[in-house]
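Let me begin by presenting the structure, written as structure tokens, before commenting on it.
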Amino acid sequence: MEQTTLGIGTRLQHTHYGPGVIVGIRFATYLISFINQGVKEIDKTDNKLDEIIPENVTEEIETHSEVERSLLKILRLWGGLTETVPLGDKWLGGTLLIQPADKSLKPKEIPIADFFHKVVMLRDRLRVLEQNINSNKKLGDDDKVNMQQYITRCYGSLTTFNVLFKNKEHWFVGEKGGKED
């Protein structure tokens, strides 16, 4: 790549590391957060880099506060990307049956995969809400902490659904930490 003046927030494609976003700039290198590889320091003239979407083109080195602002912007830009969260193997093809106490009423049957998708969407939306709260400039620290604690309690209320997840790293975790259900 010939251009050496890309700014923080520029989306790139690297032939070895895949898609990434510039999160820091040094004199001769970029700090690039790659989706699948983490943060790597790459030479500005690396011919394995291809610019996708330029942002903040400059020759200046960014300060930490500018890096933080850029990271928040990147999170919002890439917020539409959702990770693939697998359903536990024992639930594949299963159904959820909701049976009313009154036997004269018809039960509701829902494919577990559909129900699980709704649970994952709820989790992802809570994460975006957390990001929005933490990056909000109008909220004071006390307000952010109170809202964050409330969201943590919401996660705690949802730990019942951890049984549906294939991998433990996707589980809901409440205030008490990673205690298994």
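No lab work stands behind these numbers, since they all come straight from the coordinates. Note that the structure is predicted; figures quoted are calculated from it, not measured. Here the Cβ positions follow ideal geometry from the backbone for every residue, glycine too, while neighbour counts run over all protein chains shown.
Calculate the FRET efficiency for Lys40 and Asp124 from the Cβ-Cβ distance with a Förster distance of 45 Å, rounded to the nearest 0.05.
Numbers: r = 26 Å, r/R0 = 0.58.
The pair Lys40/Asp124 has a calculated efficiency of 0.95.
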Taking amide hydrogens as modeled 1.01 Å from N in the peptide plane, which residues meet the under 5 Å criterion relative to Leu96, leaving out close sequence neighbours? Ile110, Ile112
Each label sits 7 Å from Cα toward the beta-carbon; between Leu96 and Glu169 the label points are separated, in nm, by 2.5
Would you please state which residues of the stretch 103-132 a label at Ile151 would reach in this model, taking the label point 7 Å out along Cα→Cβ and a backbone N cut-off of under 19 Å? 119-132
Rounded to whole Hz and in sequence order, give me ³J(HN,Hα) for the stretch 32-42 from the Karplus expression 6.51 cos²θ - 1.76 cosθ + 1.60, θ = phi - 60°, writing x for Gly and Pro. 10, 8, 8, 4, 9, 10, x, 7, 10, 9, 10
